[in-house]
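These notes concern the structure reproduced below.
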Amino acid sequence: MVFITEDLIRRRAEHNNCEIFTLEELSLHQQDLEKIDHLDKWCKELKILYLQNNVIPRIENVGRLKKLEYLNLALNNIERIENLEGCESLQKLDLTVNFVGELSTVQSLQHNVHLRELYLVGNPCAQYEGYRKYVVAALPQLKWLDGKEIERSERIQALQDYGQVQHQIKEQEEAYSLKRAREREEAQKKSSAKQSAHKTPPERKPGFDGRWYTDINNTLPDCAENKENCPEIAPGDRDTTADENEEDKAFWQEPTQYTPESRLETHRYMEEKRKSKESKSEDKKKIKPPRTLIMADGRALNVNEPKLDFSLVDDEENNQFILDLAIYRHLDTSLVDLDVQPTYVRVLVKNKPFQLVLPGEVKPDSSTAKRSQTTGHLVVTMPKASELIHKKQIIAPGAKKHQCNKVENSSVKRSEKLEVDPDVYSFPDVSGIVQEKSSRGQGPLQLHNCKAKDKKEKDGEFTDNDEVPPLL
């Protein structure tokens, strides 16, 4: 039997951060539940509860859910409507496809004054004559029955015919109760017969194929001539598979009545078949041997089972190796395990090993690892075990002074080269490289003055007469 556990409720309360005491909506459908338990103690704040498609035979342990507004118990084995008086806020009740035969138990819902919707379609009571009139008259607060709105005229008619309909319903309930008693007796006899059959298994007949005689023509299988294409099946496995197929075929072809007992039997049969298949698959499943990372002689191997991109850089300047491993960006760091050894580095990514042999020995204790928050890459810095010693030039004090003098002399020589002696060195005359700006005449007056001036300079005998006014 499957019961409601705290772990099951927490797994179904992911939308509420797995908190069950403040849970307002809970879905436990298709969980093979056979009993309602613990909900009235652990989930008192529930407003919506889904329990459809289970094998629950009775409504119980929900009376303390004061805030419950919607209860879905469709496709179960419920035969009575009970224990819902404490659900003060109940507005909708779904009992579709159950085994409610005592229609008079709907009167217990009169205490649920906020009840507006009720579903009883698919139950034996829904086949009673006068079923709808009886429910409408018994529950005056109801607005919808089996998805159909209750009109005012229908309610008045149901109240008028309530006495007569009540008598009809009572007779039909008595007939159904007698029928259910016979069904229970038959189910009990059937279960006891099956239990005795399981205790005393049938005897095996002689012969490899279960017969009293041996037929030479049928001793070999059909594919004996072509053994390569024939799978090897042990006789015991062949007999077991055939027996299971016959049992399965007999179970599904056996005519049975649709009762709570037959539905529960079918459910348990399917559950046993599922468990047997799982156990067989686990037995046949080969255990994968662990991957070899270290050879028998102690040599480490290069392994990249997670198939990650990586790069190994030899940083000679800082005397270290740098490994950049491209781990998945959204992978949680708790699923990554790092191990640095003197000759190799190993990273387990979701239990899949990545191992890389290093070109030289490193210091594991001085190694560091960092992971990028943006790319997810893992960067491992591993200092080399053999440190590089750089040779320094030792300079004596006298040599140091001599070196300084050399530097001073070189600077002096450079300054002497800059001070050029015109007697020693002859350089071309660069004074005429840039021509003087020649005056240009801008207009007739300026041009004329320039010509007169030139002529005066050329003619030395020219005398200027002051009485002659200058030309303007």
Checked segment 130-147 for anything farther than 14 Å from Y162 by Cβ and either out of contact with any strand residue (DSSP E or B) (no Cβ under 8 Å at 6 or more places or on another chain) or open to solvent by 20 Å² or more (accessible area, probe 1.4 Å) (or both); matches are Q141, K143, W144, D146, G147
Of the residues in segment 338-383, those that are open to solvent by less than 30 Å² (accessible area, probe 1.4 Å) and either among the basic types (K, R) or in a loop (DSSP other than H, G, I, E, B) (or both) number 4
C87 vs (1) over 23 Å from V135 (Cβ atoms); (2) assigned to a loop (DSSP other than H, G, I, E, B): all pass except (1)
Within segment 148-199, residues open to solvent by less than 100 Å² (accessible area, probe 1.4 Å) and under 49 Å from the mean Cα position of the chain (by Cα) come out as I150, R180, E183, A187, K190, S191, S192, A193, K194, S196, A197
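The values are calculated or read from the model by the stated rules, or taken from the named source; none is laboratory data. Everything numeric in this text was worked out from a predicted model, so none of it was measured. Every residue, glycine among them, receives a Cβ derived from its backbone with ideal geometry; neighbour counts consider all protein chains shown. The area values use the complete protein model at the heavy-atom level, side chains included, leaving out ligands, DNA and RNA. Shrake-Rupley method; radii C 1.70, N 1.55, O 1.52, S 1.80 Å.
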